[in-house]
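Read the structure below first, then the notes.
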Amino acid sequence: MRVAILSDIHGNLLALEAVLADMDSAGPFDQVVVAGDLVWAGPRPREVVDRVMSLGAAVIQGNTDAFFNVKPDDAPDGKEASRFSVHLAWMREQLGKERVAYLRKLPFSHRITPPAGPGHDLLIVHANPYDLERAIHPRVPDAELDELLLESGQAPSWQVLAFGHVHTPFTRTWRDRLLVNVASAGLPMDGDHRAAYAILTWEGEPGQGGAWRAEHRRVMYRHAIVAHEMRSGGLPRGKHFAERLMSASYGGPD
């Protein structure tokens, strides 16, 4: 079983198309999963949503997708109210009612059970298994992961957790479980401009033991074109997002 997972496209159509082309060469896949944040920071939100909807993939909600459930004057924590209101209005205008409704109704998670059966599940979420905001960073201490990921003090029911939200790819183990940050297709922040996604492969026989293996993949695309579209296409704070895209690093707060 092979599963391709991409996340955090953020309205970057060129990056999405580059990832999909690479997936065509790396496939076939039993499932394709999009782990949220389809739009918000990029210049082509309408086209990205349409392209994702055409894939027949499993799509879950990210924190920026959930912004469309928020009233314009009720900005999420960490967002400046007037900036958020302007940005939300621009996004709604670009997307139209049907696409906004699609983003608002996306499910929270997607679970895949391999041929070996329950107990080896791959759980895909945006940020963590409980909410859309608390991030899992590469070097967070195990004690903090215990607080976030244990289920009523017990080991979780999944064997692998795949997620995005933090735009830096990594794989690590925690309590004999695999944590895979698939990072960002459209706005990577690890100093590497290439679009990121991951492939999860189940290696084992039906009815027997096995294990999941993670592979991070990076894909070249013409990111400077997207930065130009961010600056010139009417995107609110387009210069800010273009600088982030060109530096491939986190700047100040959104």
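May I ask you to list the residues in the range 1-34 that are within 24 Å of THR64 (Cα to Cα), of a type in the set (Asp, Glu) and open to solvent by 60 Å² or more (accessible area, probe 1.4 Å)?
Correct list: GLU17 only.
Given the conditions (1) on the phi > 0 side of the Ramachandran plot; (2) open to solvent by less than 30 Å² (accessible area, probe 1.4 Å), and given that ASP176 satisfies all but one, which numbered condition is not satisfied?
So the condition that ASP176 fails would be (2).
Restricting attention to the range 35-48, and to residues there that are open to solvent by 30 Å² or more (accessible area, probe 1.4 Å) and either among the hydrophobic types (A, V, I, L, M, F, W, C) or in a helix (DSSP H, G or I) (or both), which single residue is farthest from ALA101 (Cα to Cα)?
Here is the first cut: in the range 35-48, the ones open to solvent by 30 Å² or more (accessible area, probe 1.4 Å) are 44, 46-47.
Filter once more, keeping what is either among the hydrophobic types (A, V, I, L, M, F, W, C) or in a helix (DSSP H, G or I) (or both): 46-47.
Numbers: ARG46: 13, GLU47: 15 Å.
It comes out as GLU47.
Any idea how many residues of the range 54-95 are among the hydrophobic types (A, V, I, L, M, F, W, C) and either in a loop (DSSP other than H, G, I, E, B) or farther than 27 Å from TYR130 by Cβ (or both)? Quick ask: steps written out before the conclusion?
Within the range 54-95, the first condition is being among the hydrophobic types (A, V, I, L, M, F, W, C), and the residues that meet it are 55, 57-60, 66-68, 70, 75, 81, 84, 86, 88-91, 95.
Checking the rest, the ones that are also either in a loop (DSSP other than H, G, I, E, B) or farther than 27 Å from TYR130 by Cβ (or both) come to 55, 57, 60, 70, 75, 86, 89-90, 95.
Adding up the residues that qualify gives 9.
Taking only the range 160-206 into account, find how many residues are over 16 Å from LEU122 (Cβ atoms) and either in a strand (DSSP E or B) or of a type in the set (A, V, I, L, M, F, W, C) (or both).
The total comes to 8.
Of all residues in the range 222-236 being among the charged types (D, E, K, R) and assigned to a helix (DSSP H, G or I), which is nearest to the chain's Cα centre (by Cα)?
Going through the range 222-236, the residues among the charged types (D, E, K, R) turn out to be 222, 229, 231.
Within this subset, residues satisfying the condition of being assigned to a helix (DSSP H, G or I) are 229, 231.
Working: GLU229: 22, ARG231: 23 Å.
Filtering first and then ranking leaves GLU229.
Within the range 120-130, is even one residue on the phi > 0 side of the Ramachandran plot and either part of a loop (DSSP other than H, G, I, E, B) or within 13 Å of the chain's Cα centre (by Cα) (or both)? Spell out how you get there, then give the answer.
Within the range 120-130, the subset on the phi > 0 side of the Ramachandran plot is none.
Checked against the condition, which is being on the phi > 0 side of the Ramachandran plot and either part of a loop (DSSP other than H, G, I, E, B) or within 13 Å of the chain's Cα centre (by Cα) (or both), the range 120-130 yields no hits at all.
What are the pairs with Cβ atoms under 8 angstrom where one residue, in the range 147-174, is in contact (Cβ under 8 Å) with a residue 40 or more places away in the chain and the other, located anywhere, is among the hydroxyl-bearing types (Ser, Thr, Tyr) and surrounded by 12 or more Cβ atoms within 10 Å (Cβ to Cβ)? Sequence gap at least six, or different chains.
Partner pairs satisfying both residue conditions: PHE163/SER7; GLY164/SER7; GLY164/SER184; HIS165/SER7; HIS167/SER184; HIS167/TYR250.
Pick from ALA227, ALA183, ALA195: which is out of contact with any helix residue (DSSP H, G or I) (no Cβ under 7 Å at 6 or more places or on another chain) and among the small types (Gly, Ala, Ser)? Please lay out each step first, then the result.
Details: ALA227 fails: out of contact with any helix residue (DSSP H, G or I) (no Cβ under 7 Å at 6 or more places or on another chain); ALA195 fails: out of contact with any helix residue (DSSP H, G or I) (no Cβ under 7 Å at 6 or more places or on another chain).
Exactly one of ALA227, ALA183, ALA195 is out of contact with any helix residue (DSSP H, G or I) (no Cβ under 7 Å at 6 or more places or on another chain) and among the small types (Gly, Ala, Ser), namely ALA183.
The values are calculated or read from the model by the stated rules, or taken from the named source; none is laboratory data. The model shown is predicted, which means the values in this text are computed figures rather than measured ones. A quick note on method: Cβ atoms are made from the backbone with ideal geometry, for glycine too, and the neighbour counts reach across all protein chains shown. Accessible surface is based on the protein model in full, side chains and every heavy atom, while ligands, DNA and RNA are left aside. Shrake-Rupley method; radii C 1.70, N 1.55, O 1.52, S 1.80 Å.
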